[in-house]
Amino acid sequence: MGLVDMWGFEWGDDNEDAALDEGIIVLEGTPVWENSNLPPGGSSQFCIRNVHGGRARCLLPLQGSSLSGTRFWLHFNWYLSSNNTTNANQYVSWNQAGVEIGRVSLVSNTNEVRVFINGVATADSVWPLGIARWHRIHVFVDLQAGATGIIRVFTDGNLAVPLVEITATSTNPLVATLDGLGFGLSQSSRYLDDLILMDPDDGVGVTDPEEIAWITIPPKQPISDGNYTAWTAAGSPGGASDYEYIDESPPVDTDYIRATAASQASTFGFDASTSTRVLGAKWKGRFLRGDATAGVNMNIRQRDVSATTDYDTPDIPVPGDGYIYRTFAEKPGGGLWTAADFDDTEFGVVSKT
């Protein structure tokens, strides 16, 4: 799906526990949102770090999509505050069934970039990354069991000259796909932001890596009620309009909208795009379900306002207490997003049996 998934780490408050954001599974440490040191340019309002000295280790399962083939691109922003023996705990990995296939990390005491394949250190960069600055990292991987696999790591938007290159090798002898990513944060003063997984081969949405040479993931909150308003606003503090019951970031369980029967829909207008180019959109929602009165499934609805046309996802099981996320690689109805398309789209929910 072009942009298979993306994580902006934006759904929070400064120094608040980030474990509830975008399906993060915390294996070690306490990741928190941070707003005092952000990547230059763009519209990020938060990044993620570990709350204190020591490391954090986390998994990011994919929801709804996977790769069409064996190849993928990663993009992420790293801030490196120091150079010491904890460098190796700073990493981004790709995984299958919770098992790490490969990773990009740093080398202790040098800040060179190191590539691991199935847990084995395979290659290091010929020069280090600088400290006390953000670095934009891109990784290209072709997962192959035979000696035809490739891993290339690029930095700061230069996608022509790799910082590290591995070719003609087995990049994964077990499986040729992935179902999630992982990351590590080695210290409280090292940060991660704008993590993106792109499929260059499925022909859906953005598939050219040059399109993600410079990219950021800003947050967008609901700011108006849309065409559909069937879900009932409830709780406190709330407001005069339905959207004011769901605009907290992170979500608040005492302030919500509720479906009381199947086939009810509510949609909302969101903050306008802050960029002239939109590559994708990700919808995030928190759910509490106590019974089957309104069904046990839901659709995420995109409404093309100008065309007065609705586009619903397939049915998604609603957790009793949990989160649903979906990345939309194309605009409603298909085709590449534009800023005007995003501004002309309402997002919402439909209760289903």
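Derivation of every value follows stated rules applied to the coordinates shown; laboratory data play no part. Owing to the predicted nature of the structure, the values given are computational and were not obtained by experimental measurement. Heads up, the Cβs are rebuilt from the backbone with ideal geometry, glycines too, and the neighbour counts pull from every protein chain shown.
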* **Highest-MSF residue in the chain out of Gly98, Gly322, Gly290 [GNM, Cα springs under 10 Å]** => Gly290
* Asked: Dividing the convex hull volume of the Cα atoms of the stretch 128-198 by its residue count, what figure in Å³ per residue is obtained?
  -> 121 Å³
* Structure fact -> To the nearest 20 debye, the chain has a Cα-centred charge dipole, built from +1 on Lys and Arg Cβ and -1 on Asp and Glu Cβ, of 840 debye
* **Selection from Phe270, Thr309, Asn111, by position along the positive dipole direction of the chain (Cβ)** => Asn111
* **Within the stretch 270-294: backbone nitrogen closer than 19 Å to the Ser241 label point (7 Å, Cα to C-beta)** => 270-274, 284
* So what's the Cα pair-distance distribution over the stretch 222-352, bin width 5 Å, in %? -> 2, 10, 20, 24, 21, 13, 7, 2, 0
* Asked: So for the chain, Kirkwood radius off the Cα pairs, Stokes-Einstein at 37 °C and 0.692 mPa s: how many µm² s⁻¹?
  -> 156 µm²/s
* Structure fact -> Projected onto the charge dipole of the chain (unit charges on the beta-carbon of Lys, Arg, Asp and Glu, signs +1, +1, -1, -1), the Cα from Gly280, Leu62, Val99 with the largest positive-side position is that of Val99
* Structure fact -> Stokes-Einstein D for the stretch 3-212 (37 °C, 0.692 mPa s, Kirkwood Rh from Cα pairs), in µm²/s, comes to 193 µm²/s
* To do: In whole angstrom, note down how far apart the Cα centers of the stretch 289-323 and the stretch 122-148 are.
  => 39 Å
* Relative contact order, percent, of the stretch 3-212 when contacts are C-alpha pairs under 8 Å separated by at least 6 residues? -> 28 percent
* To do: Can you put Tyr325, Tyr243 in order of Cβ neighbours within 10 angstrom, beginning with the fewest?
  => Tyr325, Tyr243
* Would you mind listing how long the stretch 35-137 runs along its three principal axes, going by Cα atoms, in whole Å with the largest first? => 37, 33, 25
